[in-house]
Amino acid sequence: MGRIIDFHAHLGKVIYGYPALTVDKLLKFMDRRGIEKSVILPLVAPEEEDYYYTTEQAVEDCAKHADRLIPFANIDPRRGSNDGAYDFYPVLKEYADMGCRGLGEILANVPANDPRMKALYRACGMLNFPVVFDFRMAIFRTGVPEPAGLPNLEECLREFPGTVFVGHGPAWWAEISADVKQSADNAYPQGKIVPTGRIDYLLEKYPNMYADLSAHSGYNALTRDKDYSKKFMRKHYRKLLFGTDWFVRNEKTLMIDLIRSMKLPEEIEESVFSKNARTLLGI
């Protein structure tokens, strides 16, 4: 399937002891897996990896193969002020003019409903930038901390209906089940899914809520209860975005094979693998 869009990819040297993930290496990976285009997400939160990969680097790298690589912008929400008064629009507009199509992934250890985060959402809504989060349980020191039930996120979905929110990460995908526990041991929960999880509720209620299937968190969610997962995919396929989160560690990318093994209708596969991303990215 040559029309796959990977909504969650990375480039650069970000982890100490691992070589940089280069454009050429990523393109070879994309060719092996039948991926037509990849969204490149910068990493700018100081809590996260050992090195930064900035928006400017993403723009430069993507320009080498603009037909296949799509840069996102990323800004630490703590830039500028502590009260949410900072106007992110001028900088994000400059990034949009440079070719960026969205924001993320946000890994700053700042609650989703913090005023500084809301200032970002406001600007992103004006630019039609989807916002990609990495949600973590509050016990983690990286990623956007979110309590069980995702209440901070829901507050923002209501307040910014014109901004598209894309959920990703352990605290997001744990909420596919209703029996969520906030502990490190439950970051990748196992066992049958208990209906109805908060993801199901948020995807159904809010037009501006989408889900990123990438990484082990997404794969774990869809493999722990395959009967439920097929129903979930059928119900929410217009809101689901295929992604790999392939990184410098050369993680396994099993989601393509998993989705195909579900034997879903062609319309669903096309939406998840490509159509939804094209709509959000305007391509």
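The values are calculated or read from the model by the stated rules, or taken from the named source; none is laboratory data. Please read these numbers as outputs of a predicted model, since none were measured by experiment. Quick reminder, even Gly has a Cβ in these numbers, built from the backbone with ideal geometry, and neighbours come from all protein chains shown.
Any chance the stretch 182-204 includes a residue that's crowded, with 16+ Cβ neighbours inside 10 Å, over 20 Å from the mean Cα position of the chain (by Cα) and either under 29 Å from Leu21 (Cβ atoms) or aliphatic (A, V, I, L, M) (or both)?
Yes, because at least one residue in the stretch 182-204 is crowded, with 16+ Cβ neighbours inside 10 Å, over 20 Å from the mean Cα position of the chain (by Cα) and either under 29 Å from Leu21 (Cβ atoms) or aliphatic (A, V, I, L, M) (or both).
Checking Val132 against (1) assigned to a helix (DSSP H, G or I); (2) within 21 Å of Leu202 (Cβ to Cβ), which test does it fail?
Of (1) assigned to a helix (DSSP H, G or I); (2) within 21 Å of Leu202 (Cβ to Cβ), only one is false for Val132: (1).
Within the stretch 127-144, which residues are at pLDDT 95 or above and farther than 21 Å from Phe7 by Cα?
Correct list: empty.
Answer yes or no as to whether Asn74 is modelled with pLDDT of 95 or more, polar (S, T, N, Q) and under 25 Å from Ile139 (Cβ atoms).
Working: modelled with pLDDT of 95 or more: yes; polar (S, T, N, Q): yes; under 25 Å from Ile139 (Cβ atoms): yes.
It is true that Asn74 is modelled with pLDDT of 95 or more, polar (S, T, N, Q) and under 25 Å from Ile139 (Cβ atoms).
Failed condition for Leu127, given (1) in contact (Cβ under 8 Å) with a residue 40 or more places away in the chain; (2) on the phi < 0 side of the Ramachandran plot, with all others met?
(1)
Suppose we filter Pro195, Pro161, Pro189, Pro147 for residues that are in a loop (DSSP other than H, G, I, E, B), closer than 19 Å to Phe129 by Cα and of a type outside the set (Lys, Arg); which single one remains? Working first, answer last.
On the way: Pro195 fails: closer than 19 Å to Phe129 by Cα; Pro189 fails: closer than 19 Å to Phe129 by Cα; Pro147 fails: closer than 19 Å to Phe129 by Cα.
None of the other options fit; the residue is Pro161.
Looking at the stretch 213-244, which of its residues are out of contact with any Gly (no Cβ under 7 Å at 6 or more places or on another chain) and charged (D, E, K, R)? Break it down into steps so the answer makes sense when it comes.
Residues of the stretch 213-244 out of contact with any Gly (no Cβ under 7 Å at 6 or more places or on another chain): 215-216, 218-223, 225-244.
Once the filter is applied, which keeps residues that are out of contact with any Gly (no Cβ under 7 Å at 6 or more places or on another chain) and charged (D, E, K, R), the stretch 213-244 yields Asp225, Lys226, Asp227, Lys230, Lys231, Arg234, Lys235, Arg238, Lys239.
In the stretch 119-163, what residues are of a type in the set (A, V, I, L, M) and surrounded by fewer than 18 Cβ atoms within 10 Å (Cβ to Cβ)?
Going through the stretch 119-163, the residues of a type in the set (A, V, I, L, M) turn out to be 119-120, 123, 126-127, 131-132, 137-139, 144, 148, 150, 153, 157.
Hits for the stretch 119-163 are Met126, Ala138, Ile139, Ala148.
Considering only the stretch 32-54, state which residues are closer than 29 Å to Asp257 by Cα, at pLDDT 95 or above and not β-branched (Val, Ile, Thr).
Glu36, Lys37, Ser38, Leu41, Pro42, Leu43
Please count how many residues of the stretch 100-117 are touching a helix residue (DSSP H, G or I) at 6+ places or on another chain (Cβ under 7 Å) and among the basic types (Lys, Arg).
1
Looking at (1) of a type outside the set (Lys, Arg); (2) surrounded by fewer than 20 Cβ atoms within 10 Å (Cβ to Cβ); (3) assigned to a helix (DSSP H, G or I), which is the only condition Ala178 fails?
(3)
Check Lys263 against each of (1) modelled with pLDDT of 95 or more; (2) surrounded by fewer than 16 Cβ atoms within 10 Å (Cβ to Cβ); (3) in a helix (DSSP H, G or I) and name the one condition it does not meet.
Failing condition for Lys263: (3).
In the stretch 236-260, what residues are surrounded by 14 or more Cβ atoms within 10 Å (Cβ to Cβ), without any contact (Cβ under 8 Å) to a residue 60 or more places away in the chain and farther than 18 Å from Leu41 by Cβ?
Once the filter is applied, which keeps residues that are surrounded by 14 or more Cβ atoms within 10 Å (Cβ to Cβ), without any contact (Cβ under 8 Å) to a residue 60 or more places away in the chain and farther than 18 Å from Leu41 by Cβ, the stretch 236-260 yields His236, Tyr237, Arg238, Lys239, Leu254, Leu258, Ile259.
State the number of residues belonging to the stretch 216-254 that are assigned to a helix (DSSP H, G or I) and closer than 19 Å to Ile193 by Cα. Walk me through how you get there before you give the answer.
From the stretch 216-254, those assigned to a helix (DSSP H, G or I) are 216-223, 226-239; that's our starting set.
Going one step further and asking which of them are closer than 19 Å to Ile193 by Cα, we end up with 216-223, 226-237.
Result for the stretch 216-254: 20.
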